[in-house]
1. Report the extension gain between Asn69 and Ser300 in nm, rounded to one decimal, defined as 0.36 nm multiplied by the number of residues separating them, less their alpha carbon distance.
2. Per residue Cα convex hull volume for segment 90-177, in cubic angstrom?
3. Sort Lys163, Lys168, Lys298 so the one with the fewest other Cβ atoms within 10 Å of its own Cβ comes first.
4. Binning at 5 angstrom from zero up to the longest distance, how are the C-alpha pair distances of segment 1-158 distributed in percent?
5. Taking neighbour counts of Cβ atoms within 10 Å as a proxy for exposure, in what order, fewest first, do Phe80, Phe74, Phe317 appear?
6. Helix 361-377 versus the longest principal axis of the chain: what is the Cα-based angle in degrees, 0 to 90, to the nearest 10?
7. Taking loop as defined by DSSP and a crowding limit of 12 other beta carbons within 10 Å, which trypsin sites (Lys or Arg not before Pro) in segment 220-294 fit?
8. For the chain, the longest stretch holding no GluC sites (Glu not before Pro) located in a DSSP loop with at most 11 other Cβ atoms within 10 Å is which?
Amino acid sequence: MISEIKDNILIVGAGFAGATIARELADSGRYKVHIIDQRNHIAGNAYDPINEALKLRVHQYGPHIFHTNDQRIFDHLSRFTQWIPYQHKVEAWIDKAGYVPLPINRTTLNTLYHCQLKDEADVKNFLDTLKCHHLAPKNAQEIAENIYGAELTQLFFGRYTQKMWSLKLSELPTEVLARLPVRYDDNPHYFNDAIQAMPAQGYLHLFENMLDHPDISVSLSCTFEKTMEKNYQHIFNSMPIDVYFDEKYGALPYRSIQFVHERLQEHYQPVPTVNFTDEGMYTRQTDWRLYPGCDLGKRSEILITKEIPCSYEDNNFERYYPVKTVAGEPQKIYKRYRGEAEKLNHMTFIGRCGQYIYYDMHQVVANSLKIARNFLVS
């Protein structure tokens with residue numbers, strides 16, 4: 001009996017977008033999938049190898065916390081991992097006040113203003129005395145000021161935004177703050193999602209299971225070249241879309257992060273990751289011992305990681321966060337590249353850099369499943 005000849009698919013990028021599509025196409029039984037990645041590891045920005053010397057699992061590209069309201073996405077990923085329930089907490093370090101919960105909640109307000117707000121009604125009434133009244137908020141600053149007023153907006157978001165994005169809060173679109181819940185009680189959790197968890201054996205183990213399929217092959221430290229295109233029926237490409245088109249309409253802006261690791265004998269912080277909302281260079285600091293599944297035994301030293309935002313050009317062209325502005329220039333440039341991409345029948349751009357959009361992990365999995373399933377029925 002002659003075996004069925006399967007069509008070849010190339011996937012550029014072994015992060016959540018590429019791995020999700022690869023597994024979906026391989027499971028269909030119709031395709032042989034080859035994944036390439038210019039890095040020397042799978043799992044994209046979720047890569048979390050174990051530091052054997054320190055007995056820690058460290059997220060190499062900053063902390064990744066899985067959260068979603070979509071049970072289907074959680075069930076899909078649960079094929080490849082077990083989970084540790086974890087509700088993420090973040091606190092901000094404020095001069096003269098110390099650590100306070102973020103998002104801003106009743107505890108935050110009572111600490112900063114030395115008051116005794118007792119319930120939700122007290123909090124809402126207090127915020128009413130602070131908030132501004134922008135009738136049709138045009139940017140992230142006006143959105144925040146309509147809730148918290150000018151002082152709290154600057155204290156928690158204005159300076160942080162300036163160093164994170166190298167832009168004023170007023171230059172960023174309203175959706176930048178849409179992910180941050182508004183609290184009127186003492187709820188200390190960062191997300192509202194019904195499902196919040198960390199993979200029990202890490203994201204790298206999840207990816208290893210996802211890519212463990214006879215019809216999936218992986219080549220690492222391998223850079224995409226356009227000459228590869230002739231060898232595949234279709235390509236799912238997570239490389240920066242502007243780079244593919246030789247930046248002919250200009251380079252799309254991204255922000256990046258430089259990570260500074262410090263080994264200490266002693267250290268205390270109340271939550272795994274602390275935000276610095278001051279004018280200093282750092283935005284966040286992580287103590288890896290405090291994340292579930294990351295503390296793997298006794299150690300002689302503590303590892304903390306601080307983050308310094310920068311332009312991607314100043315960080316080996318590591319692109320983390322697409323920049324979008326109220327003026328909309330980056331969005332206009334991307335729209336031109338998307339128009340060029342739509343002319344290519346043999347290629348689909350995927351992921352954060354291919355689609356020039358900020359995705360949380362559950363969002364990129366959902367989007368990639370949709371792309372793969374549409375391809376399978378086309």
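1. Working: separation 231, 0.36 × 231 = 83.16 nm, distance 3.93 nm.
The span from Asn69 to Ser300 would gain 79.2 nm if fully extended.
2. Roughly 97 Å³ of hull volume per residue.
3. Lys298, Lys168, Lys163
4. For segment 1-158, the binned pair fractions read 1, 7, 10, 12, 11, 11, 10, 10, 10, 7, 5, 3, 2, 1, 1, 0, 0 percent.
5. Lowest count first: Phe317, Phe80, Phe74.
6. It works out to around 30 degrees.
7. Lys248
8. 53-224
Throughout, read-outs are computed from the coordinates displayed, never taken from laboratory work. Keep in mind that this is a model prediction, so the values were computed, not measured. Cβ coordinates were reconstructed from backbone atoms using ideal geometry, including for glycine residues, and neighbour counts include every protein chain displayed.
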